[in-house]
Amino acid sequence: MGRRWQVANLTNLLGFIACDQGDLDAAAGYFRRALPITQEIRAISMTLDVLCGVALLKLLQGDLIQAAELLGLALAHPLASADVKNTAEPILDALRAHPSADTVIIEAARARGAALNVDTTVAAFLAETAAD
């Protein structure tokens, strides 16, 4: 499990770096590669961290609702670590500060996200990015 965890962690970090550099296609690819590994090794907290990266990607793509839902899932999940919260909170702050953000809509989406299933959410992202 050790090496696979390291590969998933590094791949996730490369996704965040790609987001920072504005290379959203590369970021999607990195997150797409990291998620199955985190699920295979049952590293739920890391899966949530990768989903925070996907939330950042969605924010950068202008999909504020999906970003809020993903952050709601990550922050509300019972296995969310302090690291996940430290990753999610700055993204949530950026989401709330987005010029198009409506606080009521964002918070409603975040509440919906808290009820999402991790496996279903991961599968949906993988299916969405497989078409790209």
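Values as computed for the structure displayed
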{"quantity": "Between 0 and 90°, nearest 10: helix 82-97 axis offset from the chain longest Cα axis", "calculated": "30"}
{"quantity": "Cα-only Debye scattering, the chain: base-10 log of I(q)/I(0) at q = 0.10, 0.18 Å⁻¹", "calculated": "-0.27, -0.91"}
{"quantity": "Cα centroid of region 33-57 to Cα centroid of region 79-110, whole Å", "calculated": "17"}
{"quantity": "Per-pair calculated FRET efficiency, R0 = 22 Å: Thr120 and Gln6 via Cβ, rounded to 0.05", "calculated": "0.25"}
{"quantity": "Relative contact order of the chain, pairs being alpha-carbon contacts under 8 Å that are 6 or more residues apart, as %", "calculated": "23"}
{"quantity": "On Cα atoms only, tilt of 44-60 relative to the major axis of the chain in degrees", "calculated": "50"}
{"quantity": "Degrees between helix 24-40 axis and first principal axis of the chain (Cα, 0 to 90, nearest 10)", "calculated": "60"}
{"quantity": "Highest average packing first - 47-60, 92-105, 21-34, Cβ atoms within 10 Å", "calculated": "47-60, 21-34, 92-105"}
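Only the coordinates and a few stated rules stand behind these numbers; no lab work does. Bear in mind the structure is a predicted one, so any value in this text is a computation, not a measurement. Cβ: placed from backbone, ideal geometry, glycine included. Neighbour counts: every protein chain shown.
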